[in-house]
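Note sheet for the following structure.
The values are calculated or read from the model by the stated rules, or taken from the named source; none is laboratory data. In this text, all values refer to a predicted model and were calculated from it rather than measured experimentally. As a convention, Cβ positions derive from the backbone with ideal geometry for all residues, glycine included, and neighbour counts pool all protein chains shown. Quick note on the areas: whole protein, heavy atoms, side chains included, nothing else; ligands and nucleic acids left out. Shrake-Rupley method; radii C 1.70, N 1.55, O 1.52, S 1.80 Å.
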Amino acid sequence: MGKGGFYLETKNPIIKFAIAEKFLNLARANSIWPMTFGLACCAIEMMSAAMARFDIARFGAEVFRPSPRQADLMIINGTVTKKMAPTVVTLFEQMPSPKWVIAMGNCAISGGPFVFEGQYNLIEGVDKILPVDVYVPGCPPRPEALLEALMKLEEKITGTRRFPVPEKQW
Amino acid sequence: MVKKTSDDIKNTLKGVDVVEISYTERGYHLAIEAQKENIVSIVEFFDKKSFYLADLCCVDYVDYLELVYFFNNHKEPCRVKVTLKVEPDKPSAPTISHIYTIAHWYEREIHEFFGVYFEGHPHLVYLFLHDAIDIYPLRKKQVSVTEDDKKLLSSFKPEEFEDGFFINLGPQHPSTHGVLRVVVKMDGEYIVSAEPVLGYLHRMHEKMAENRSYVQFLPNPPRMDYLGALNFNLGHVTTIEKLCNIEVPERAQYIRTITAELNRISSHLLWVGAFVADLGGLTPFLYTFQDREHILDILEGITGSRLTYCYFRFGGLYNDVDDAFIDATKQFIKHLRGRFGMYEKLVTKNVIFINRVKGIGVLEPGITTKYGCSGPVIRSTGIPFDIRKVEPYAAYDKIDFEIPVGATGDNMDRYMIRIREMEISLNIIEKAIEKLPSGPFKAEKVPKKLKPPKGDVYHAVESPRGELGVYIVSDESDTPYRMKWRVPSYSNLMTFPYLAEGELISDAIATLGSYDLVIPEIDR
């Protein structure tokens, strides 16, 4: 167990091959395997993103794996309660490194609409228990927002953005 | 029916006062004040008359706690409220779990949220809350958990079990549709017993209701049941309209009916996909989502959101519908009718699918009153119980529609009923659009800060999963004193331990899928 209550592989390898690493990162970024893990309302939007209209397969992330041992992206899509938190951490620990976390929706970011004085069952933000890479605001966010988060993650992994930024309309 | 029940109670139960209540104002017909000595005999009476336990909840009045039992009949609406006062210090009451099986869970729920001890309950352990809780959350004054109750916190303690093993189905499991956990005791491939563990998504809606004004609570119900969001929204607003006596214009009633039915179709479509995916067929999932996206587009046009709609307001709607909505809905009706043939070929007539669901998970009609099931689960046993028909709300009384019922009560029946219901929903929408009157879409003079008169109200609507009841106690302030949600999946899921016993684990997955569970709704 690490400092924050979970084990994180942060040590760099002794020998690092820059070009090989770059190539590997490109491969990782374009074949992210998310975990089949639905918590609440946002899970339905995640499913929508995987289905025919939004088609997450265009970005190589359609292989949803029910087992954390085969996944490298955890999408926290919903409210994490105090009863659920140990399970979420266990699942994250079971994922092989390198691994990433997307906090989808307001509940995962900060507790969202369910924070009030005297609440007794909520983790106010999943970043208190897991290292989050990308935050997606919304209640629930649209599937397009999840796709954009995937692109942001890709940018984080490889350092460059492959897909163009959509034009701003507002 | 109401008169007969009232007379029956007076004749058989001596010394019990029955008060007739105005149904249009309060939402129930009869009220009985019970004592600790006679509560069991009163409940036994209702069990004999084949009433079902619609709801059991507790209200904290500081001076005393009040247990509220709601009974109803499947044949004709006759809602009876039975109240039982218990003292606030070390509260206890006799259990009724040996009479109604569903009371097992209701009593456990009350025990952990209010600290009421039920004498004679066989398994009074915590159901919802996490291990570190040290208060009874829904008590008005802060009361810390007693030492005796702290021992009951962790509900799963594997006992000595030599010839088998335990399987933990969930909380992260693709076929539980969320974060439900079922502890299954196995003997080889067969299930010895199954025990659902709830509360992995307990989001404190009922506590929140007591902290927020009526208007501020509007976005919560859609997040309770995100698939039938408009139906939950409707249940919430109609209850408060009943409490405050607000008249809703006819146009709003029709639009409510149309949008709620559209939402029902989208919920059922998702269920068909998910159910077949549970059984191993992933293709229909893609097709149903494609159809579902059409509904989301239509509803997004008028409500502004894709999933958690908050469209209905007290006394009407957020905004009026336009011609584009009507045209799109008409087009969608035509489109979906053309798709049913494809679904029949793809799923209904698929031999693998039929073999996996036919004759599995058979629910007999006799035991449904014990569990208080509702929705497609009870209709599959052949009982035509539908709140839209027996206690009409919105514009359902002005539209003629039929209720599909099953014959055997197995998983195939539950599937067929939902498919039929989608077709019937399309008919309802078509008729409602034909009859759609013009006029205002919002009641005038609805105050921004609602302060309902003192009293309580129970109101039920038919959500895609069954009877959704809202019980509100008002104390004349702008926040509810207590708001209890009677949710359909809760009582439907209670039948799972009964149906899974002795089944193969793969068949139990099919049964679990057939309930159409939405976990946030169960956990609230």
task: Kindly state, to the nearest 0.05, the FRET efficiency for residue B:443 paired with residue A:169, given R0 = 41 Å and r defined as their beta-carbon distance.
output: 0.70
message: Please report the net charge: other residues with Cβ closer than 12 Å to the Cβ of residue A:84, K and R +1, D and E -1.
response: +3
- request: Can you work out the PRE-style zone for residue B:190? Point 7 Å along Cα to Cβ, and I want the residues of the stretch B:491-524 with backbone N under 17 Å.
  value: B:498-509
message: If you restrict to DSSP beta bridges whose two residues both lie in the protein assembly as shown, what percentage is antiparallel, to the nearest 5?
response: 75
task: Considering the options B:197, A:31, B:214, tell which one lies farthest towards the positive end of the dipole of the protein assembly as shown, charges being +1 on Lys and Arg and -1 on Asp and Glu at the Cβ, about the Cα centre.
output: A:31
- line: Taking a probe of 1.4 Å and leaving out DNA, RNA and ligands, the stretch B:336-436 shows per residue an accessible area in Å² of 39
- line: With a 1.4 Å probe and ligands and nucleic acids left out, the total accessible area lost when B pairs with A, in Å² to the nearest 100, equals 3500
- prompt: Any idea how far apart residue A:70 and residue B:22 come out in nm if each label point goes 7 Å out from Cα toward Cβ?
  reply: 6.3
query: Taking R0 as 25 Å, what's the FRET efficiency between residue B:153 and residue B:216 from their Cβ-Cβ distance, rounded to 0.05?
result: 0.20
- line: Residues other than residue A:113 with Cβ under 11 Å of its Cβ, Lys/Arg counted +1 and Asp/Glu -1, net out at +3
- request: Return the Cα extents of chain A along principal axes one, two and three, sorted largest first, each rounded to a whole Å.
  value: 53, 44, 29
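Within 10 Å of each candidate Cβ there may be at most 14 other Cβ atoms; applying that plus a DSSP loop requirement, which GluC sites (Glu not before Pro) in the stretch A:115-170 survive? Write out the running numbers ahead of the final one.
Working: sites: A:117, A:124, A:144, A:148, A:154, A:155, A:167; in loops: A:117, A:124, A:167.
The qualifying sites are A:117, A:167.
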query: With each label point set 7 Å from Cα along the Cα-Cβ vector, what nm distance links residue A:20 and residue B:408?
result: 6.1
query: Between their Cα atoms, which of B:242/B:451; B:81/B:242; B:4/B:48; B:49/B:358 are more than 21 Å away from each other?
result: B:49/B:358
message: Could you tell me the calculated FRET efficiency between residue B:349 and residue B:475, based on Cβ-Cβ distance and R0 = 51 angstrom, to the nearest 0.05?
response: 0.35
statement: Between the alpha carbon centres of the stretch B:311-327 and the stretch A:68-131 the gap in Å comes to 36
query: So what are the ³J(HN,Hα) numbers for the stretch A:134-148, from phi and the Karplus equation (6.51, -1.76, 1.60; θ = phi - 60°), rounded to whole Hz, Gly and Pro as x?
result: 10, 9, 10, x, x, 9, x, x, 6, x, 4, 5, 5, 5, 5
message: Using the Kirkwood radius over C-alpha pairs as Rh, can you work out the diffusion coefficient of chain B via Stokes-Einstein at 10 °C, viscosity 1.306 mPa s, in µm² per second?
response: 67
task: Would you list the membrane-span-like helices of chain B, meaning whole DSSP H runs whose alpha-carbon atoms span at least 20 Å along their axis and whose mean Kyte-Doolittle value is at least -0.5?
output: B:229-244, B:250-278, B:283-303, B:323-343, B:411-435
task: Please compute the net charge surrounding residue B:4, taking Lys and Arg as +1 and Asp and Glu as -1 over other residues with Cβ under 15 Å from its Cβ.
output: +2
